[in-house]
Amino acid sequence: MKIAVISDIHGNIDALQAVLLDIRSRGIKEIYNLGDSLYGPLFPIETYKLLVHDNIRNIRGNCDRILLDLNTDNPTVQYVQDLLEGEHKEWISKLPFSLETEDFYFCHGTPISDDGYFLEEMSPNGSMLKKTEDIMELVKGVSQNIIFCAHTHIPRVVYLPNHKIVINPGSVGLPAYEDELPIYHKMESGSPYANYTIVTKKENEWFIEQILIPYNRDAAIKQSEKNGRIDWVNALQTGRI
């Protein structure tokens, strides 16, 4: 058994194409996308066209949800909304909050919130790994042993005392960002590469590969500049804010 898990594409079509090409070259048929697919100052419609393929199972992220808000003062949300047509809005509205298989549980943030951080907590000193007991509390209602989350854009694997493993594949399209909530913080992967995860089961053991893929970022950087998002330019160039 082998699957690929992607997330946080944020309209970066060139990064997504590079990741999908690598996945196909490895003969992987099952792909799960953890959301935040179209939001960003980049190429949402082109990204949508790639994600509607049958072998990609998509869920909703918080940045997918906000694209359906009727009133917004966020210029990047407005940029994407102006490009969305009926079929795109219908697709977003039908994205499930989570997905489950016999072996895997997939969510964007946590099992109870699409904008909560599963593995990290924020402090005045920055992002820190949560205490084991706090993560254990979040997985109480999850029967599967392999749990995928996203939202932070930072690749991470955490093994728990109950033998469950929580995996964040990182971000395909945006390797760093800053946020004001719950307090001001930065999330920086430190690399401009596109990230995704491969999980393989061999003789009842799970092998986890965090993959970093180089790609041509020129179009994404130019589009970010055009839309006035210098923070995205810096993130795309360096993986830092």
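The values are calculated or read from the model by the stated rules, or taken from the named source; none is laboratory data. Note that the coordinates shown come from a computational prediction; the quantities given were computed from them, not determined experimentally. Using ideal geometry, Cβ is built from the backbone for each residue, glycine included, and neighbour counts are taken over all protein chains shown. The accessibility values were calculated without ligands, DNA or RNA, using every heavy atom of the protein model including side chains. Shrake-Rupley method; radii C 1.70, N 1.55, O 1.52, S 1.80 Å.
Filter segment 161-201 down to residues that are polar (S, T, N, Q) and without any contact (Cβ under 8 Å) to a residue 40 or more places away in the chain, then give me how many there are. Break it down stepwise before answering.
Residues of segment 161-201 polar (S, T, N, Q): 162, 168, 171, 189, 191, 195, 197, 200.
Right, trim to without any contact (Cβ under 8 Å) to a residue 40 or more places away in the chain and you get 162.
Within segment 161-201, residues that are polar (S, T, N, Q) and without any contact (Cβ under 8 Å) to a residue 40 or more places away in the chain number 1.
Taking into account only those residues within segment 87-109 that are open to solvent by 10 Å² or more (accessible area, probe 1.4 Å), part of a strand (DSSP E or B) and of a type outside the set (D, E, K, R), which is farthest from Met1 (Cα to Cα)?
It comes out as Leu99.
If you go through segment 23-40 one residue at a time, how many are part of a loop (DSSP other than H, G, I, E, B) and without any contact (Cβ under 8 Å) to a residue 40 or more places away in the chain?
Let us first name the residues in segment 23-40 that are part of a loop (DSSP other than H, G, I, E, B), namely 26-29, 34-40.
Imposing the further condition that a residue be without any contact (Cβ under 8 Å) to a residue 40 or more places away in the chain reduces the set to 27, 29, 37.
So the answer is 3.
What residue, of Gly173, Gly190, is modelled with pLDDT of 95 or more, within 17 Å of Asp8 (Cα to Cα) and loosely packed, with under 12 Cβ neighbours inside 10 Å? Walk me through how you get there before you give the answer.
Numbers: Gly173 fails: loosely packed, with under 12 Cβ neighbours inside 10 Å.
Answer to the selection: Gly190.
Test Glu225 against the stated conditions and say whether it is out of contact with any strand residue (DSSP E or B) (no Cβ under 8 Å at 6 or more places or on another chain) and either open to solvent by 50 Å² or more (accessible area, probe 1.4 Å) or in a strand (DSSP E or B) (or both).
Judged against the criteria, Glu225 is a match.
Give the residue that is farthest from Pro175 (Cα to Cα), with candidates limited to residues of segment 202-211 that are surrounded by 10 or more Cβ atoms within 10 Å (Cβ to Cβ) and free of Cβ contacts under 8 Å to residues at least 40 places away in the same chain. I'd like the intermediate steps shown before the answer.
Taking segment 202-211 first, the residues surrounded by 10 or more Cβ atoms within 10 Å (Cβ to Cβ) are 206-211.
Add one more test, that the residue is free of Cβ contacts under 8 Å to residues at least 40 places away in the same chain, and what stays is 207, 209.
Numbers: Phe207: 24, Glu209: 18 Å.
Per the stated criteria, the residue is Phe207.
Taking segment 202-222 only, how many residues are acidic (Asp, Glu) and part of a helix (DSSP H, G or I)?
Result for segment 202-222: 1.
Give segment 41-69 a look and list any residue that's part of a loop (DSSP other than H, G, I, E, B) and within 13 Å of the chain's Cα centre (by Cα), or say none.
Going residue by residue through segment 41-69, those that are part of a loop (DSSP other than H, G, I, E, B) are 41-43, 52-55, 59-61, 69.
The answer is Ile59, Arg60, Gly61.
Any chance you could count how many residues in segment 161-194 are out of contact with any Leu (no Cβ under 8 Å at 6 or more places or on another chain) and hydrophobic (A, V, I, L, M, F, W, C)? Even if it seems obvious, please write down each step before you answer.
Let us first name the residues in segment 161-194 that are out of contact with any Leu (no Cβ under 8 Å at 6 or more places or on another chain), namely 161-165, 167, 170-171, 176-190.
If we keep only those that are hydrophobic (A, V, I, L, M, F, W, C) as well, we get 165, 167, 176, 181, 183, 187.
Qualifying residue count, segment 161-194: 6.
So which residues in segment 205-221 are closer than 28 Å to Leu129 by Cα and either of a type outside the set (A, V, I, L, M, F, W, C) or out of contact with any Ser or Thr (no Cβ under 8 Å at 6 or more places or on another chain) (or both), if there are any at all? Steps first, answer last, please.
Within segment 205-221, the subset closer than 28 Å to Leu129 by Cα is 205-214.
Passing the criteria: Glu205, Glu209, Gln210, Ile213, Pro214.
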